[in-house]
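The values are calculated or read from the model by the stated rules, or taken from the named source; none is laboratory data. It should be emphasised that the depicted structure is a prediction, and the values quoted were computed from it without experimental measurement. Counting neighbours? That spans all protein chains shown, and the Cβs are built from the backbone with ideal geometry, glycine included. For the accessible areas, the whole protein counts, side chains as well, though only heavy atoms, and no ligand, DNA or RNA atoms are used. Shrake-Rupley method; radii C 1.70, N 1.55, O 1.52, S 1.80 Å.
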Amino acid sequence: MKRKSIKLLSLLLLLTMILTACGQANDNNKDVVEPKDTEIVEQEVVEEVEKLDFEGRQMNVVTTSEKYVELFDAFAQEVNAKVDFLSMSSGEVISRIEAEGGKPMADLWFGGGIDAFMAAKDSGLLESYVPKEADKVPSQYRDSEGFWISKGLTVVGFLVNEGLLNEKGLEAPTTWAELADPKYKDEIIMANPAISGTNYGAVKGILDMYGEEAGWAFLEKLNANIPFYGKRGKDPEEKTVAGEFAIGIIPADKSSFDAATKNNLTVVYPEDGIPWVPEGVAIFKGGEGEDIAKAFIDFMLRDDNQEKLAELDGKDGAQMIKEGVGGYDLGLPVDKLIDQDISTFGSMRQEILSRWEKLTEGK
């Protein structure tokens, strides 16, 4: 009886060892499967971020400034392509393309007031493209059909020489309404809105803020305080810094704040409303580098490159088109931005400029 019990115990011990071994084998099998799943995921990720390679090809860019070289150099290195620049204002771009019968002068159009981009779209000069992160850009900063997208906003402010005003017993203005006061006669300089996208944005913003007729009535009073209009976009800042005028109507960015600090001046955001202008980016129709231009717009919209753009443009983070993108802290009060009708920014341009020309005739 005792021998039978020993045999039974031995048999149970053997079964336990076999089951334990099977369990370990199953666990080991799991360890083998998991790396296979990981390899598949890693392969999918590699395929998603596969690098573009445009070896031996070139993208031609027309831009308002060469300050973006660093951004384009980074893109060229990433996609193994060459990038060539042509510096030109938005008005010149439109005139040249029309003079050449619509022939594209470049592959990518980078920077400039959005009104020119809207006009180019209407003339059939642009290629439609919806970039990868378009859904992260608010609708007012991109064309609904993909013909242009904004790279950031220009906002309009005053550059004020308080020392010059104090000599004349005047205080620094803080609103547009104050600028129309006759006490500031001949103290104000702004650029002609026909050549300055910033100042066209100022006029359009004022009309949107006051309403059309009240807006033109205000502009008539403002015109009485302005002896002549600058023929270059930089004239208001340069002539205010030089002490020729006490108040310049300017694009408010880091460069204007730097100029103010250096020359003991002040940058003022108008308390009754800040006009703003989207700066455009678009692809020309028929360009040989159209596919490279599309890749660049995808590249531009990445958060790290948006932050690089904010640095190069000297913009407050609130002037960038993607929420959460960092920038300089220039104290821009976002709640003061005028509720502008961007849809009519281009379509009303000629009508506004024609009325402006009559209003300011001889200046």
task = Could you grab me the full set of residues in segment 307-322 that are surrounded by fewer than 18 Cβ atoms within 10 Å (Cβ to Cβ), within 15 Å of residue 136 (Cβ to Cβ) and touching a residue at least 40 places away in the same chain (Cβ under 8 Å)?
result = 322
message = Looking at segment 81-108 only, could you name the residues that are in contact with a strand residue (DSSP E or B) (Cβ under 7 Å, 6 or more places away or on another chain) and outside any loop (DSSP other than H, G, I, E, B)?
response = 82, 83, 84, 85, 86, 87, 90, 93, 108
message = Need a quick list: strands (runs of 3 or more DSSP E) entirely within segment 185-284 having at least 1 residues that are under 22 Å from residue 140 (Cβ atoms).
response = 247-251, 276-284
ask   = Do you know which of the residues in segment 319-363 that are in a loop (DSSP other than H, G, I, E, B) and of a type in the set (A, V, I, L, M) is farthest from the chain's Cα centre (by Cα)?
value = 348
Output for segment 182-191, where each listed residue is acidic (Asp, Glu) and either without any contact (Cβ under 8 Å) to a residue 40 or more places away in the chain or open to solvent by less than 30 Å² (accessible area, probe 1.4 Å) (or both) = 187
task = Those residues that are open to solvent by 60 Å² or more (accessible area, probe 1.4 Å) and more than 20 Å from the chain's Cα centre (by Cα), I need them from segment 287-306; list them, please.
result = 288, 291
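Looking at segment 192-202, can you tell me whether even one residue there is more than 21 Å from the chain's Cα centre (by Cα) and open to solvent by 10 Å² or more (accessible area, probe 1.4 Å)? Break it down stepwise before answering.
Pass one, segment 192-202, residues more than 21 Å from the chain's Cα centre (by Cα): 192, 194.
In the following step, the residues that additionally are open to solvent by 10 Å² or more (accessible area, probe 1.4 Å) were identified as 192, 194.
Checked against the condition, which is being more than 21 Å from the chain's Cα centre (by Cα) and open to solvent by 10 Å² or more (accessible area, probe 1.4 Å), segment 192-202 yields at least one hit.
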query = Does at least one position in segment 210-228 carry a residue that is within 19 Å of residue 354 (Cα to Cα), crowded, with 20+ Cβ neighbours inside 10 Å and without any contact (Cβ under 8 Å) to a residue 40 or more places away in the chain?
reply = no
